[in-house]
1. Taking the Cα atoms only, what angle lies between the long axis of helix 223-234 and the longest principal axis of the chain, rounded to 10 degrees?
2. Sum -39500 (n - 2.57) across every DSSP H segment of at least 4 residues in the chain, then divide by the residue count to get the 222 nm mean residue ellipticity, nearest 500.
3. What residue among ALA35, GLY47, HIS105 has its Cα farthest toward the positive end of the dipole of the range 23-116, where the charges are +1 on Lys, Arg and -1 on Asp, Glu, each on the Cβ?
4. Amide H to amide H, which residues 5 or more places from ILE127 or on other chains are under 5 Å from it, using H placed in the peptide plane?
5. How compact is the range 57-118 by the rule of thumb for globular proteins, expressed as Cα Rg over 2.2 N^0.38 Å?
6. From the phi angles alone, apply the Karplus equation (6.51, -1.76, 1.60; θ = phi - 60°) to the range 200-214 and give each ³J(HN,Hα) in whole Hz, x where the residue is Gly or Pro.
7. Gain in length, GLN68 to ARG243, computed as 0.36 nm per residue apart minus the alpha-carbon separation, to one decimal in nm?
8. Please report the equivalent ellipsoid semi-axes of the chain, computed as sqrt(5 x eigenvalue) of the Cα gyration tensor, largest first, in whole Å.
Amino acid sequence: YLDYTVAARRDISVIHALVPVIKTACRKSRELADAGLEAPWTFFNMGKFALLLGHEYDALFNYLKAVQATQSPWPLSLAIRSLKMLKPVQEQIPGFHEVCLLLDHALRVKFPGAGEAGRRFQNKNQIRRRPVVILAGGTKTFNKEDLAGYRNLMMEGFNDFSGTVISGGTTAGICSLVGDIQEAHKDTITTLGYLPSTIPPTERIDTRYHEIRRTDGERFSVREPLQYWTDILASGIRPYEVRLIGINGGNIAAAEY
């Protein structure tokens, strides 16, 4: 009902009148999920409801859980088809693009060859040096002593490594450690930083990275992690070949994990 009504009216104003009903549906879905019933549909439902209510990270986390619980391609295909109905109002829905990209990647990685999943990833930004390690985590939550401790661990851990390291590309928190790694291993490690098209004036790009790649996002979001996964997959690198090091963080880091 929500899909068809929003698509027909080409705006999401109907959602505001139905917030109590949607919240009740969310609670019922949550109860079913907690009881281990009707997965992955409960998570797809909670993801869609959260998306329409403007709760983009709640939506993303529920869609991620749905992906984990999906055992065949058709629930993912149905979820993608449902979202396509909302494309006329996508600019009114925060996180819409990210969720669509997530589900597209999930279908093509988990069920290669299933319908549209058989399409190859097309992308000019290749990752040529393997293996690949992602370093994700917090940028605002470290004191100098803790960050120095992690820096010592990273420098020792990557001492004999040869490959690509991916992170956020700024001089803040965990991202700055990748700049340190690149500075110490210019010949054996390629570092890639992923940033939105614009960043706040309080943030500084770490010029020590081998390369900075930009998304079309206007703020820090999960669009950057989704972009580096696009690059990874387009380079023919399989997800199980990638390693992720995570050190605390907020919503974006949680989505990466």
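1. Relative to the chain, helix 223-234 is tipped by roughly 80 degrees.
2. Working: 11 runs with 126 residues, N = 257.
So the helix-based figure for the chain works out to -15000 deg cm²/dmol.
3. Result: ALA35.
4. SER235
5. Details: Rg = 11.4 Å, N = 62, 2.2 N^0.38 = 10.6 Å.
My calculation over the Cα atoms of the range 57-118 gives 1.08.
6. Per-residue couplings from phi come out as x, x, 7, 9, 10, 6, 7, 6, 6, 4, 4, 8, 10, 10, 9 Hz.
7. Working: separation 175, 0.36 × 175 = 63.00 nm, distance 1.82 nm.
Once the chain is fully extended between GLN68 and ARG243, it gains 61.2 nm.
8. Working from the Cα gyration tensor, I get semi-axes of 35, 20, 17 Å.
The values are calculated or read from the model by the stated rules, or taken from the named source; none is laboratory data. Small disclaimer: the values here were computed from a predicted structure and weren't measured. Backbone-built Cβ (ideal geometry, glycine too); neighbour counts: all protein chains shown. Accessible surface areas use protein heavy atoms only, side chains included; no ligands, DNA or RNA. Shrake-Rupley method; radii C 1.70, N 1.55, O 1.52, S 1.80 Å.
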